[in-house]
1. Could you check F79 against (1) open to solvent by 20 Å² or more (accessible area, probe 1.4 Å); (2) within 25 Å of the chain's Cα centre (by Cα) and say which number it fails?
2. Identify all residues within segment 63-76 that are open to solvent by less than 50 Å² (accessible area, probe 1.4 Å) and assigned to a strand (DSSP E or B); write none if there are none.
3. Would you say A283 is modelled with pLDDT under 90, within 19 Å of L162 (Cα to Cα) and not hydroxyl-bearing (S, T, Y)?
4. Say whether the condition of being assigned to a helix (DSSP H, G or I) and either open to solvent by less than 60 Å² (accessible area, probe 1.4 Å) or modelled with pLDDT under 95 (or both) is met by at least one residue in segment 89-109.
5. Can you name the residue in segment 27-62 that is touching a residue at least 40 places away in the same chain (Cβ under 8 Å) and in a helix (DSSP H, G or I) and, of all such residues, is surrounded by the most Cβ atoms within 10 Å (Cβ to Cβ)?
6. Mind checking which residues of segment 284-314 are within 29 Å of the chain's Cα centre (by Cα), open to solvent by less than 50 Å² (accessible area, probe 1.4 Å) and touching a residue at least 40 places away in the same chain (Cβ under 8 Å)?
Amino acid sequence: MLLVNTATDLDTNVLHNYWIEDLDMDCINNYKQALTSREQYSNYKNLSTEEFLRKIGVIAKDYNGNGDYGITVGGLLFFGDNNAIIHKFPYFQLDYLDQSKPNVDRWLNRVSSVTDNLNIYSFYRETIMIIRSTVNNHFDLDSNMNRKDTSGAMIIALREALLNMLMHANYYEKEPLRAVAKVNYYEFSNPGKMLVPIETFFTTNRTSSRNPIISKLFVQLGESERAGHGGEKIYESALVNNYRKPEIASNYEGTKLKIWKVDYADSFSGQVISERERSILKAIVSSDNQEMSHKEIEERVKLSRTKVDSSLKELMAKGTVIKIGNGRATKYGIQQTEEQLLALAQAMPNIIRRKLGREG
């Protein structure tokens, strides 16, 4: 399993006994129409179905076998009839669940490859439309009092997260791929360990996909950001919207990405945290360096030293605030992972430019 998890060509193999009739022609025609509307692919418009599928890598020569042409693994997963996919990948399952309303039993909305007979392409088309509708139409005003669309950054982040889940999954594993909209965050999970170091996910411009054909099919459409920059866009959305920083975890069992849609203080709603503690968290997060002294917190939240001291002790006991330095130099900040700190350091020039723009 270790070799499968580290391989970068899981979807290039040519399948025997599969052909065009095992693919969903409605999906292929929709994809062809979308692709040929882009100028660089307009010359594909008059190709036959077989010629078109060869051009985009769905049909390929079996270089490791007898040299015959057939459907690639990536082509089957992307465009295949669901029953045909299940015969090769019996655990194939893609799910989107909207659980953002806690008073609704189980889910508000669901897209499932199992109940809806979907492949990767049809699942993506249905899910991305629904996810976009869950983003609040949020905006800020720039220094010239012009409307600045910040919901757009969130939509891009969610698109990149969904694509990342679909493009980098290990489809030979038994676990499903799942995107879930929660009350305060979105979570994307897929089997397969990331092929880039986790601590650089939000900062690297290097990409490595275990499914090059699936990745190519998405990139050709212009759906994905340029190679390797999806993580940056996800982190940038949190900065633009002042949301809690995204979190990612990855091991040989799978990868989970969490994208918050609230700020750090509000991300604890529903947990045991007082309004006084929440006001202190908001003060720290909104400060320039996300660090504040005891005195600065007192002045910002308009509370006595005793009350601030008591709340800080509670927050440190819960692991949400850390103490930095000693004596008069002591400050209080937010606990952050290594990858979050690296992303913040890389993003600092843009933060400073935005701040100067507002002050100017």
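1. Going through (1) open to solvent by 20 Å² or more (accessible area, probe 1.4 Å); (2) within 25 Å of the chain's Cα centre (by Cα) one by one, F79 breaks only (1).
2. G70, I71, T72
3. no
4. Among the residues of segment 89-109, not one is assigned to a helix (DSSP H, G or I) and either open to solvent by less than 60 Å² (accessible area, probe 1.4 Å) or modelled with pLDDT under 95 (or both), which makes the answer no.
5. Among those that are touching a residue at least 40 places away in the same chain (Cβ under 8 Å) and in a helix (DSSP H, G or I), it is Y31.
6. Matches in segment 284-314: I284, V285, Q290.
The values are calculated or read from the model by the stated rules, or taken from the named source; none is laboratory data. Keep in mind that this is a model prediction, so the values were computed, not measured. Positions of Cβ are backbone-derived with ideal geometry, glycine not excepted, and every protein chain shown enters the neighbour counts. Keep in mind that these areas ignore ligands, DNA and RNA; they rest on the heavy atoms of the full protein, side chains included. Shrake-Rupley method; radii C 1.70, N 1.55, O 1.52, S 1.80 Å.
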